Every structure is written in structure tokens, then in C-alpha cells.
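Before any comments, here is the structure.
Here, each number is a calculation from the coordinates, and none is a lab measurement. Note that this is a predicted model, so its numbers are computed, not measured. Cβ sites come from the backbone with ideal geometry, for glycine too, and all protein chains shown count toward neighbours.
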Amino acid sequence: MSIKKRYLKSRPVCKCTFELPPEAAGDAEAIFLVGEFNGWDRQAQPMRRLRNGTFKAELELPAGSSYAFRYLRSDGSWENDWSADAYQLVPGLGVDNSIVRL
């Protein structure tokens with residue numbers, strides 16, 4: 001997994017590329033990027049499947065912010081990003097969210 005960050009010189013935003021490799025995606029038909037940046041909407045950000053089986057999504061997010069997020073597989077299971085900047089425990093659920101800091 002990886003999160004690539006490219007900061008724009010013309011605007012205070014960061015182009016973030018989120019990738020979920022085949023070994024993390026398993027046999028999922030679809031993967032969605034779900035987080036604070038889209039109101040935890042489970043359908044808002046579908047990821048594109050590449051030929052090698054990696055799922056990829058790109059977002060422009062405000063620089064200087066941080067966001068909790070996770071990957072949602074089509075089977076309903078969740079996956080964290082192994083290369084996240086940090087992890088945050090979700091109170092009452094006993095699971096962690098991935099954190100990206102920009």
C-alpha cells in the first residue's frame with residue numbers, strides 16, 4: 001500500500017494517490033476509499049482497478065490538514081493502509097482508522 005503526495009505550487013492543495021495492492025484487496029470486485037474527506041460515504045470514491053490488480057484513487061485535498069480513512073471491500077470488510085502516517089483508535093469499536101497528514 002502506498003500514499004503518494006504531490007503538493008501543488010499554484011494552490012494550497014495536495015494531490016494524493018491512494019493504492020491498495022492485490023494482496024490486500026484479495027478477491028474483492030470493488031474497493032472504495034472512505035474517510036473524513038467524503039463524509040464517510042461508502043459509495044463516494046470508488047477506486048479504479050489496474051491491470052496488475054492494484055486499486056487506485058486520486059484526490060485533491062487541502063494542504064495542512066489530516067484525515068482519517070479506510071478502504072472498504074465489496075464483501076463489506078475494511079482494510080487499513082499499511083503505510084498510513086498514523087493510526088487512530090475508533091472509540092467504542094476497537095478498530096483503528098488510517099490517518100493521512102498533508
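Brief remarks follow.
- Residues whose placed amide H lies under 5 Å from that of ALA63, excluding near-sequence neighbours: VAL13, CYS14
- Cα convex hull volume per residue for the chain (Å³): 101 Å³
- If only the Cβ of Lys and Arg carry +1 and only the Cβ of Asp and Glu carry -1, the dipole of the chain around its Cα centre is close to 580 debye.
- Efficiency of FRET from Cβ geometry, GLU36 and ARG6, R₀ 22 Å, rounded to 0.05: 0.60
- Of the residues MET47, LEU8, PRO21, the one whose Cα sits farthest toward the positive end of the charge dipole of segment 2-101, with +1 on the Cβ of Lys and Arg and -1 on the Cβ of Asp and Glu, is LEU8.
- From helices alone, the chain scores -500 deg cm²/dmol at 222 nm; the rule is -39500 (n - 2.57) for each run of n ≥ 4 DSSP H residues, then divide by the residue total.
- Value of relative contact order over the chain, rounded to a whole percent, pairs C-alpha under 8 Å and six or more apart: 27 percent
- Potential lengthening between LEU89 and ARG51 on full extension [0.36 nm per residue; Cα-Cα distance subtracted]: 10.3 nm
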